[in-house]
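Take a look at the structure below.
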Amino acid sequence: MANKIPRVPVREQDPAIRATNFEEVCYGYNREEAMLEASRCLNCKNPRCVAACPVNIRIPDFISALAQGYEAAAAAIIAEDSSLPSVCGRVCPQENQCEGQCILGIKGEPVAIGKLERYVGDWKIENGCGETPAIERNGHKVAVIGSGPSGLACASDLAKMGYEVKIFEALHEVGGVLTYGIPEFRLPKTRVVAKEVEAVKRLGVEIETDVIAGRTVTVDSLLDEEGYDAVFVGSGAGLPRFMGIEGENLNGVFSANEFLTRANLMRAYREDYDTPIFVGRKAVIVGGGNVAMDAVRTAKRLGAEATIVYRRSEAELPARVEEVHHAKQEGIEFRMLTNPTRILGDDKGRVRAINCVEMTLGEPDESGRRSPVVKEGSDFEIECDVVIMALGTSPNPLIASTTEGLETNRRGCIVATENGATSREGVFAGGDAVTGAATVILAMGAGRKAAVAIDEYVKSKK
Ligand SMILES: Cc1cc2nc3c(=O)[nH]c(=O)nc-3n(C[C@H](O)[C@H](O)[C@H](O)COP(=O)(O)OP(=O)(O)OC[C@H]3O[C@@H](n4cnc5c(N)ncnc54)[C@H](O)[C@@H]3O)c2cc1C
Ligand code: SF4
């Protein structure tokens, strides 16, 4: 299936300029561009894009409304299934989901569903969508732990069903990884994340920050003492992994989590903040996922010469293609098929270099990707003063260890069914806390499914 109109390109900040600032990379479509791109959609009877969307947004319907210039209608259609369109339009891996399945992609370029979703989400932030209708309360209370995408999605759906919902968030800011992980140049905090969180609050969801479940409150106390009918755990996977190699305790070695959290929450991206963050002259970022790309691009913007070190080849990079492309445009160096073996320090205990070996690719491993094999005698050093480890994260064990009867697996993830039910009655879980580090939209999908299951559970108790 071909389309006569080519995919409308999106305007972006010049790479040489944006590599020195934290302004958003992508400008998004204007109205004319959005309507033209929307007109490419064939409005398929059996839309493959919808089936590939983890929250099943009615994609052709919102695109059709947009093509006719009805932004408010498009926004209302998306709102039925997603409370975070401006966020998802920016960070979802559309190439593997909706756009990856778009029929136009078979012979040409898929509809730019993500950019259209972003346009509609931003339109809604700027123009509003009328008053939020009053929702009749059903007299039941649900507690949600964590204010990331899974918690926000679960809370929104439950609030719409009439539940009194309160989110307990450990940090002083709301949004989970959207706020403390993904950098400003990909996802603006004040202009986008805070605005979409506000919309969730307008549904009646209460959010209390600085409350650590497992310390300030426990899941048991919420259920047994505070009168909550159910608890949803959406506490993410914020515990960083390290390689376990010599030199990881040297000054100048950070986890990407710590580095990005500091940059985001302490506003290193703003000229008027003097954020205590050390980026050195030469920073090596170990890893190849979205987190590694975010860390390396942040390090570059903060003034370092920044390099990615990844043990497989470019074809296996788990990061979004768009992020890798942007990083390359910005002058990031990529050292593929390279694996660190040791971090070397100076006489003051500070990083001075990283020792690596070259790799080749062998047989596929259990992930289906070809496994890296060390090339004997290929040791070499890369001079650097900062090493940032972006090797993935696991869930923090705090909630599981303080909740009676909550089962976890060997990776420390909470064991839950497809609908979020855990081994503990009345406790549901979803997002990265269950799957390990995954994606925003999968976390939202899990939150939504759990909301349905919680509703059924509470009704079954009546
Ligand atoms: C740097 C980075 C870049 C990423 N880029 C992308 C991307 O481009 N696209 C994409 O789709 N995904 C991306 N991801 C992954 C995505 O952000 C996560 O999969 C998603 O945020 C998971 O949502 P969640 O709600 O499960 O958890 P989180 O977003 O981690 O939210 C969990 C929340 O729970 C809180 N919490 C934890 N423990 C407690 C406790 N004991 N008590 C109270 N609150 C607690 C945390 O403070 C946090 O606010 C990225 C992740 C990172 C780290
Ligand atoms: S598959 Fe593509 S063309 Fe068909 S409805 Fe979805 S976005 Fe439109």
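The values are calculated or read from the model by the stated rules, or taken from the named source; none is laboratory data. A quick note: this is a predicted structure, and the numbers were derived from the prediction, not measured. All Cβ positions, glycine included, derive from the backbone under ideal geometry; neighbour counts span all protein chains shown.
For the reader, a short list of remarks on this structure follows.
- Of all the listed residues (G128, G175, G108, G151), the sole one being within 16 Å of ligand 2 (Cβ to nearest atom) and either closer than 25 Å to A230 by Cα or surrounded by fewer than 21 Cβ atoms within 10 Å (Cβ to Cβ) (or both) is G108.
Listed here are the residues, each with its yes/no results for (1) touching a residue at least 40 places away in the same chain (Cβ under 8 Å); (2) outside the structural domain of A446 (by TED's automatic domain parsing).
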residue	(1), (2)
Y180	yes, no
V192	yes, no
R202	yes, no
L222	yes, no
Y228	yes, no
L265	yes, yes
Y273	no, yes
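- The conditions of being crowded, with 16+ Cβ neighbours inside 10 Å, out of contact with any Ser or Thr (no Cβ under 9 Å at 6 or more places or on another chain), of a type in the set (S, T, N, Q) and not assigned by TED's automatic domain parsing to the domain that holds E173 are not met by T360.
- Of the strands (runs of 3 or more DSSP E) contained entirely in the stretch 334-386, those carrying at least 1 residues that are among the hydroxyl-bearing types (S, T, Y) and under 30 Å from the mean Cα position of the chain (by Cα) fall at 338-345, 370-374.
- Qualifying residue in the stretch 153-169 (condition: over 21 Å from A429 (Cβ atoms) and either over 23 Å from the mean Cα position of the chain (by Cα) or touching a residue at least 40 places away in the same chain (Cβ under 8 Å) (or both)): yes
- The sole residue among D274, D229, D224, D294 that is among the acidic types (D, E), out of contact with any strand residue (DSSP E or B) (no Cβ under 8 Å at 6 or more places or on another chain) and buried (at least 16 other Cβ atoms within 10 Å of the Cβ) is D294.
- Of the helices (runs of 4 or more DSSP H) lying entirely inside the stretch 105-201, the ones with 2 or more residues being among the hydroxyl-bearing types (S, T, Y) are found at 149-160, 177-180.
- Any hit, the stretch 176-199, residues being in contact with a Pro (Cβ under 7 Å, 6 or more places away or on another chain) and modelled with pLDDT of 95 or more: yes
- Among the residues making up the stretch 297-308, those that are free of Cβ contacts under 8 Å to residues at least 60 places away in the same chain and either surrounded by 22 or more Cβ atoms within 10 Å (Cβ to Cβ) or within 17 Å of H325 (Cβ to Cβ) (or both) are A306, I308.
- Residues satisfying the stated conditions in the stretch 202-222, i.e. within 10 Å of ligand 1 (Cβ to nearest atom), part of a loop (DSSP other than H, G, I, E, B) and within 18 Å of C154 (Cβ to Cβ): T209, V211
- Where a residue in the stretch 309-327 is free of Cβ contacts under 8 Å to residues at least 24 places away in the same chain and its partner, wherever it lies, is more than 11 Å from ligand 1 (Cβ to nearest atom), with Cβ under 7 Å and at least six apart: E314/M336
- Residue in the stretch 82-102 that is part of a loop (DSSP other than H, G, I, E, B), away from ligand 1 (no atom under 16 Å from the Cβ), outside the structural domain of S156 (by TED's automatic domain parsing) and surrounded by fewer than 17 Cβ atoms within 10 Å (Cβ to Cβ) present: no
- Residues being touching a helix residue (DSSP H, G or I) at 6+ places or on another chain (Cβ under 7 Å) and within 14 Å of ligand 1 (Cβ to nearest atom) - total across the stretch 409-428: 6
- Test: E71 is closer than 22 Å to E12 by Cβ, away from ligand 1 (no atom under 16 Å from the Cβ) and modelled with pLDDT of 95 or more: no
- Every listed requirement among (1) surrounded by 17 or more Cβ atoms within 10 Å (Cβ to Cβ); (2) in contact (Cβ under 8 Å) with a residue 60 or more places away in the chain; (3) within 24 Å of L203 (Cβ to Cβ); (4) not small (G, A, S) is met by K115 save one, (3).
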